[in-house]
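**Student:** Below are the structure tokens for one structure; questions will follow.
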Amino acid sequence: MTNFTTPLLPEMAEIWQQTLNWKPNSQQQVQFQQLYELILEGNRQLNLTRITDPQEFWEKHLWDSLRGIAPQRQFIPSLQEGASVIDIGTGAGFPGVPVRIVAPNCKITLLDSTKKKITFLEKVLTELALTNAKTIVGRAEEIGQQSQYRQTYDLALIRAVGAASVCAEYALPLLKQGGLAVIYRGNWTEEETTALQNAVTQLGGVIESIERFSTPLSTSIRHCLYLRKIANTPAKFPRPAGIPTQKPL
Ligand code: SAM
């Protein structure tokens, strides 16, 4: 087993502090380490992630997940007040599991269409003793049409699941009015913002802001798109499974 905490995580404390104005406590450091080790173990049977180098894992999975809800944006305080959060297409648990680790009072739902990944995440939740967390096996297009989930979340997170308009169609129906969707992207252009505008409007949202930043170790460019839901999403969205990707808005 790779030795992750010593000395890697203590070395990163300064970077957490400088970049996010926050750093993990000792319990959170242990939970990050456990998550890393469980993913390495799970990778033997499942294709969970190609990112297995400890520093790369720290930067591309842990840091990147938390940058999207960075404390200077005041998200973590609101998360600690018990917000309902959904991570759509969570895969090996990103960004949802790190978010749950840093915001223990939020209620997080991890959604993925692949049952094996959700089975793996149930083990992660148990071993890390993460309460206030549930999993759903299902497609975002179907879950977004079910009344027990539709319009019930304060925050929807979605990373590496598809084109931005597809992510918007998955996320906005699940949000309460006033809720926020965070779409994690790599590169992003102004032309893409213009093209996304119409889709977001149709779904009852607005593009509130777009943040560009670089990752702290490899200085790779990232963007996060913040979409605010300001009106009810019309009942026809999300469209049936597969349609958002075949015919993006
Ligand atoms: N969000 C994770 C991350 O950034 O590491 C995983 C990204 S992985 C490339 C995409 C994940 O989205 C896969 O686990 C896949 O099963 C899931 N997925 C794709 N389409 C989906 C849909 N329509 N509904 C739910 N999950 C979906």
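Bear in mind these aren't lab numbers, they're just calculated from the coordinates by the rules spelled out. None of these values were measured; they are calculated from a predicted model. When we count neighbours, we look across all protein chains shown, and the Cβ atoms used for this are built from the backbone with ideal geometry, even at glycine.
**Student:** Which pairs do you get when a residue that is at positive phi and of a type outside the set (Ser, Thr, Tyr), found in the stretch 227-249, comes within reach of a residue that is in a loop (DSSP other than H, G, I, E, B) and surrounded by 14 or more Cβ atoms within 10 Å (Cβ to Cβ), reach meaning Cβ atoms under 9 angstrom, with the pair 6+ apart or on two chains?
**Tutor:** Gly242/Arg139
**Student:** Consider Leu40 against the criteria (1) surrounded by 14 or more Cβ atoms within 10 Å (Cβ to Cβ); (2) within 14 Å of Ile101 (Cβ to Cβ): it satisfies all of them except one. Which criterion is unmet?
**Tutor:** (2)
**Student:** On the given criteria, is Ile210 touching a strand residue (DSSP E or B) at 6+ places or on another chain (Cβ under 6 Å), within 16 Å of the ligand (Cβ to nearest atom) and within 24 Å of Tyr153 (Cα to Cα)?
**Tutor:** Here the answer is no, as Ile210 does not meet what is asked.
**Student:** Turning to a different aspect of this structure: I need a count of the residues in the stretch 16-45 that are under 15 Å from Leu121 (Cβ atoms) and not in a helix (DSSP H, G or I).
**Tutor:** Total meeting the criteria: 2.
**Student:** On to the next question. Considering every residue within the stretch 191-200, establish whether at least one is surrounded by fewer than 17 Cβ atoms within 10 Å (Cβ to Cβ), under 17 Å from the mean Cα position of the chain (by Cα) and among the aliphatic types (A, V, I, L, M).
**Tutor:** Scanning the stretch 191-200, I find no residue that is surrounded by fewer than 17 Cβ atoms within 10 Å (Cβ to Cβ), under 17 Å from the mean Cα position of the chain (by Cα) and among the aliphatic types (A, V, I, L, M), so the answer is no.
**Student:** Between a first residue in the stretch 46-69 that is under 21 Å from Lys117 (Cβ atoms) and among the β-branched types (Val, Ile, Thr) and a second residue that is within 10 Å of the ligand (Cβ to nearest atom) and in a loop (DSSP other than H, G, I, E, B), which pairs have beta carbons less than 7 Å apart while being 6 or more apart in sequence or on different chains?
**Tutor:** Note: pairs meeting the criteria are Thr49/Ala92.
**Student:** Taking the stretch 200-223, which residues are of a type in the set (A, V, I, L, M), under 23 Å from Ala171 (Cα atoms) and out of contact with any Asp or Glu (no Cβ under 7 Å at 6 or more places or on another chain)?
**Tutor:** Val200, Val206, Ile207, Ile210
**Student:** Would you mind finding the one in Phe94, Phe120 that is among the aromatic types (Phe, Trp, Tyr) and in contact with a Ser or Thr (Cβ under 7 Å, 6 or more places away or on another chain)?
**Tutor:** Phe94
**Student:** Then there is this: Just give me the residues in the stretch 229-246 being over 17 Å from Ala195 (Cα atoms) and under 20 Å from the mean Cα position of the chain (by Cα), in sequence order.
**Tutor:** Answer for the stretch 229-246, where residues must be over 17 Å from Ala195 (Cα atoms) and under 20 Å from the mean Cα position of the chain (by Cα): Lys229, Pro238.
**Student:** Cβ-Cβ below 6 Å, separation at least six or inter-chain, first residue in the stretch 129-143 and closer than 14 Å to Val85 by Cβ, second within 7 Å of the ligand (Cβ to nearest atom) and in a strand (DSSP E or B): which pairs?
**Tutor:** Going by the 6 Å Cβ cut-off, the qualifying pairs are Ile136/Leu111.
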